[in-house]
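Everything below concerns the one structure shown next.
The values are calculated or read from the model by the stated rules, or taken from the named source; none is laboratory data. Since the model is a prediction, treat every value here as computed from it, not as a measurement. Here the Cβ positions follow ideal geometry from the backbone for every residue, glycine too, while neighbour counts run over all protein chains shown.
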Amino acid sequence: MVERPSIFPSMAELHTLDKAQLLAAIVDSSDDAIVSNDLDGVITSWNGGAERMFGYVPSEVVGKSVHMLIPPARASEEDTILERIRKGEAVSHFETVRLTKSGRSLHISLSVSPIRDNAGRVVGASKVARDISKQLDVTERLRRSEERFRVTLVSIGEAVISTDASLRVTFMNPSAEHLTGRTFGEACGMNLGECFRLLDEFTREPLANPAEESVSRMRGAVVMRHGLLITREGFERPIESSASPIWEASGELGGVVLTFRDISDRRAAERSAQRLAAIVHGSDDAIVGKDLNGIVTNWNDGAERIFGYTEAEMVGRSILTLIPPELHGEEDVILKSLRAGKRVEHFETERVAKDGHRVSVSITVSPIKDMEGHVIGASKIARDITERRRVENELRRVQDALKSHATELEAHIEERTAQLKKSVSELEAFSYSLSHDMRAPLRAMQSFLEIVIEDYGGRLDAAGIEMLKKAVSAAQRMDRMVLDLLAFTRLSHTAMTMEDLDVEQLVRSVIMERAEFQEPRAQVVIDSPLERVVGNVPSLLQCFVNVLDNAVKFVPAGVMPQVRVASRREANGRVCISFEDNGIGVDKKSNGRVFEMFQRGTAEAYPGTGIGLAIVRKAAERMGGEAGLEPREGGGSRFWLSLRGATT
């Protein structure tokens, strides 16, 4: 019975993967989008990073134009890029915008390199696109640095040159022509040393020709692994070469066969791997590789600093060494996600260091796939967030303390507010009662004074009667003041019934009821129609009466009072009702004070109680509005009420 092979390589197989397989696995598991297209812009390959970045799976994009990813306004970019690629030029770190499957704009950094065939012809483009919209942490910067050094490998066949016994060229295949820069017609009959010159890759000293070495020392194959081939144009190509003598049946030298291959891509990959290894090992984060059984395969210096274990102590051991017993189930969940090809991002948990202390970490785990797309392991990045957790806990403690203090303060404020409301209510009730009770003795005083004037006026001289009349007038003013005080206090106690009101009808009713608001005593003009408002009928009528009374009262002697009533609806839905007069006006210093109790501004010479405008402001505030005034250019004042506008 034949045992079915596992799709997951064992640890031994993981270590025997060649560099091309490892690089392909890295490219496919990269977070960057690595895409290739032909010279017509048709997509030919699409890695996992491209799928995650743009949202398309390979079957949705391969064979389609790359323009599906490009915003219409940037369509010309691709034409420019392809034109440069056809010339063999590369495009590096070009920052632009592309579209995801959902239509979202994505800012990327794009690097494009030409793809060449074995003959060196440009046949397509290799693109590395990096999402630069979320470069917020070290992990992203590390990934960006790693991806800069990754390139697409191009395979080049073996080059073959054969010579005669004198080491003169007798045969050269097309690969050798390409690498040396000479055609066979040019090289035929030349001494091999003239068309195949080498320098030491490290010392840059001339190297002996391997064919000459193999003949002069009567050796078998001579292998050189660190040579630089100098082409006809003077270019240097790193190569591996092997020369073997050809012996005739007679035992004489028949010639030499020289085989060599261009290892430029391998050298570039080795340098890239060295740089990547340096970046990984120099990272402050722990970067750990493991197989699908949870066995550690790679361990960087950052992991040693965070967990205390050396690479020798951890490679080959289970990752469970770092996981607290009560959290072992997390590893099962992570491995299950990895086998399904899913990533685990920013998972916050705890791990155990070598000395036993707990370390708070944020973990990101990505699957590593082989050339066939099988998941063969995982790359895990762990960031130490112990200090961040400590700061967060301290912040929560302070926030809880502040919240508790705020609750206590709020309760204290509510208690004090209730006490103040009670005191104000008691004072208002006392004021109302006092004002109400004062009217009876005032009315009695006024009546007795009028009786004295009427019944005993004949016994008094003119000065005595005048004094009695002044006393009656003072009693009347006091009565009016008490009435105003009662009206002001009533505004604080009376429940407000709010309704949609016809402002123009109310103003006209006030004018019709008061002769002093009508011609010939005064001229009141209404800019009809007036906007409707939401208010209380008695309160709004009181406002209109008091404002109009002020407007017709405070005018210079001999001048007919003129008042213009207008309204306008504001952008915020409120309505401003204005009363413009030709009176004596109010100076700027008195603008705010005239709405206070017993403040009369510059109108001390005119009759009044000093309470009328205080009633206006109080009534406006009870209706959810406000009142104010401003001087008019050329004289007079503009009083206004701002109330919520009616919806109908």
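So which residues in segment 24-50 are of a type in the set (Asp, Glu) and surrounded by fewer than 17 Cβ atoms within 10 Å (Cβ to Cβ), if there are any at all?
Asp38, Asp40
Please find, among Ser76, Ser59, Ser36, Ser102, the residue that is in contact (Cβ under 8 Å) with a residue 60 or more places away in the chain, of a type in the set (Ser, Thr, Tyr) and either assigned to a loop (DSSP other than H, G, I, E, B) or on the phi < 0 side of the Ramachandran plot (or both).
Working: Ser76 fails: in contact (Cβ under 8 Å) with a residue 60 or more places away in the chain; Ser59 fails: in contact (Cβ under 8 Å) with a residue 60 or more places away in the chain; Ser102 fails: in contact (Cβ under 8 Å) with a residue 60 or more places away in the chain.
Going through Ser76, Ser59, Ser36, Ser102 in turn, just one is in contact (Cβ under 8 Å) with a residue 60 or more places away in the chain, of a type in the set (Ser, Thr, Tyr) and either assigned to a loop (DSSP other than H, G, I, E, B) or on the phi < 0 side of the Ramachandran plot (or both): Ser36.
Would you point out which residue out of Arg204, Arg271, Arg232 is more than 19 Å from Ser166 (Cβ to Cβ), surrounded by fewer than 16 Cβ atoms within 10 Å (Cβ to Cβ) and touching a helix residue (DSSP H, G or I) at 6+ places or on another chain (Cβ under 9 Å)?
Only one candidate qualifies: Arg232.
Is it the case that Val552 is in the same structural domain as Ser637 (by TED's automatic domain parsing), surrounded by 20 or more Cβ atoms within 10 Å (Cβ to Cβ) and more than 21 Å from Arg644 (Cβ to Cβ)?
Judged against the criteria, Val552 is a match.
If we scan segment 288-309, do we find a residue that is buried (at least 18 other Cβ atoms within 10 Å of the Cβ), hydrophobic (A, V, I, L, M, F, W, C), closer than 20 Å to Asp31 by Cβ and over 33 Å from the mean Cα position of the chain (by Cα)?
No, segment 288-309 has no match at all.
Is it the case that segment 387-397 has a residue that's more than 29 Å from Arg343 (Cα to Cα) and either more than 27 Å from the chain's Cα centre (by Cα) or part of a strand (DSSP E or B) (or both)?
Yes; the residues of segment 387-397 include at least one that is more than 29 Å from Arg343 (Cα to Cα) and either more than 27 Å from the chain's Cα centre (by Cα) or part of a strand (DSSP E or B) (or both).
If you go through segment 531-547 one residue at a time, do you hit one that is under 60 Å from the mean Cα position of the chain (by Cα), modelled with pLDDT of 90 or more and more than 15 Å from Gly625 (Cβ to Cβ)?
No - not one qualifying residue is present in segment 531-547.
Scan segment 480-516 residue by residue and report those that are modelled with pLDDT under 90 and touching a strand residue (DSSP E or B) at 6+ places or on another chain (Cβ under 6 Å).
Met498
Can you find a residue that is among the hydrophobic types (A, V, I, L, M, F, W, C), buried (at least 18 other Cβ atoms within 10 Å of the Cβ), at pLDDT 90 or above and over 51 Å from the mean Cα position of the chain (by Cα) anywhere in segment 561-583?
There is at least one residue in segment 561-583 that is among the hydrophobic types (A, V, I, L, M, F, W, C), buried (at least 18 other Cβ atoms within 10 Å of the Cβ), at pLDDT 90 or above and over 51 Å from the mean Cα position of the chain (by Cα).
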